[in-house]
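Here's the structure we're looking at; comments come further down.
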Amino acid sequence: MGISRLEQPKRALVLGYDEGRTSLISCLRDRGFEVSHSSEPVASLAEFEFVVSFGYKHLINRKTLQSAIGPVINIHISYLPHNRGMHPIFWAFFDETPLGVTIHEIDEGLDSGRIWKRKELHLPNNKMTFREAHGFMLRCAENLFIKSIEDIVTGAVTPFPQEFRTRPHKASDLPADFRGWDEPIVNEIIRLQRKNMKIHQSFT
């Protein structure tokens, strides 16, 4: 079953990136929404028919989710269910899992809700740094949302559950000797994987 069609008046809340970081707010305004924004924790979603999180740094608790009167979705720069949580681009390369972007429902878990839209991606060149790849993926995520907005607001989306459950990554999961986001991805991943292999071999 698809989601319910959004009814007028259309009040939207964008959580996370502001207009200086994302075009989602102007996209929603162009679509006829009255848009509010917050990067801070929110206690209630009851004023909004539509809520979208993009680059939001806070978890939304059960009580707040239960106050919602319409869809509450998140835009995540991974191909869910792969690489839930922090630093999904790093883990896509380190664990050799698919790279992509996903629009999904927010539930009480972390990046675990039903999927609305997703797209598998490949970087345009193999010399990108992690920081450059992050910018590229953010643009791809925005494009997926913008191309999907008509389906989303008219209820033409059929959400589906994630195929399997993975453990979400924490910031502390990054290797201790990771050299940073301005390193070329391919070189740094090869270095870390080789080191990880040597450590594994020393215990076998």
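Given (1) modelled with pLDDT under 95; (2) closer than 23 Å to V101 by Cβ, identify the lone condition not met by R5. Here R5 clears every test but (2). When R21 is tested against (1) under 17 Å from the mean Cα position of the chain (by Cα); (2) outside any loop (DSSP other than H, G, I, E, B), only condition (2) is not met.
Scanning for something out of contact with any strand residue (DSSP E or B) (no Cβ under 9 Å at 6 or more places or on another chain), charged (D, E, K, R) and without any contact (Cβ under 8 Å) to a residue 60 or more places away in the chain, does the stretch 44-60 turn up at least one residue? Walk me through how you get there before you give the answer.
Just the residues of the stretch 44-60 that are out of contact with any strand residue (DSSP E or B) (no Cβ under 9 Å at 6 or more places or on another chain), to begin with: 44, 46, 59.
Of the ones still in play, those that are also charged (D, E, K, R) are none.
No, every residue in the stretch 44-60 fails to be out of contact with any strand residue (DSSP E or B) (no Cβ under 9 Å at 6 or more places or on another chain), charged (D, E, K, R) and without any contact (Cβ under 8 Å) to a residue 60 or more places away in the chain.
Selection of helices (runs of 4 or more DSSP H) fully inside the stretch 48-167 by the criterion of at least 1 residues being touching a helix residue (DSSP H, G or I) at 6+ places or on another chain (Cβ under 9 Å) and at pLDDT 95 or above returns 88-94, 130-154.
What are the residues in the stretch 156-179 that are surrounded by 12 or more Cβ atoms within 10 Å (Cβ to Cβ) and of a type in the set (A, V, I, L, M, F, W, C), if any? Result: A156, V157, L174, F178.
Which residue out of T97, T129, T64, T102 is free of Cβ contacts under 8 Å to residues at least 60 places away in the same chain and under 20 Å from S38 (Cα atoms)?
On the way: T97 fails: under 20 Å from S38 (Cα atoms); T129 fails: under 20 Å from S38 (Cα atoms); T102 fails: under 20 Å from S38 (Cα atoms).
Being free of Cβ contacts under 8 Å to residues at least 60 places away in the same chain and under 20 Å from S38 (Cα atoms) holds for just one of T97, T129, T64, T102, which is T64.
Residue check: is I199 exposed (fewer than 15 other Cβ atoms within 10 Å of the Cβ) and either assigned to a loop (DSSP other than H, G, I, E, B) or modelled with pLDDT under 95 (or both)? In short, yes. Applying the criterion of being over 20 Å from E34 (Cβ atoms) and polar (S, T, N, Q) to the residues of the stretch 67-88, the residue that is surrounded by the fewest Cβ atoms within 10 Å (Cβ to Cβ) is N74. Does the stretch 31-47 include one or more residues that are within 12 Å of the chain's Cα centre (by Cα) and buried (at least 16 other Cβ atoms within 10 Å of the Cβ)? Checked against the condition, which is being within 12 Å of the chain's Cα centre (by Cα) and buried (at least 16 other Cβ atoms within 10 Å of the Cβ), the stretch 31-47 yields no hits at all.
Please state which one of L24, L121 is of a type in the set (A, V, I, L, M), touching a residue at least 40 places away in the same chain (Cβ under 8 Å) and surrounded by fewer than 22 Cβ atoms within 10 Å (Cβ to Cβ).
Criteria check complete, one pass: L121.
In the stretch 89-107, the condition of being loosely packed, with under 15 Cβ neighbours inside 10 Å and charged (D, E, K, R) is met by at least one residue.
The values are calculated or read from the model by the stated rules, or taken from the named source; none is laboratory data. Since we're looking at a predicted model, the values are computed, not measured. Heads up, the Cβs are rebuilt from the backbone with ideal geometry, glycines too, and the neighbour counts pull from every protein chain shown.
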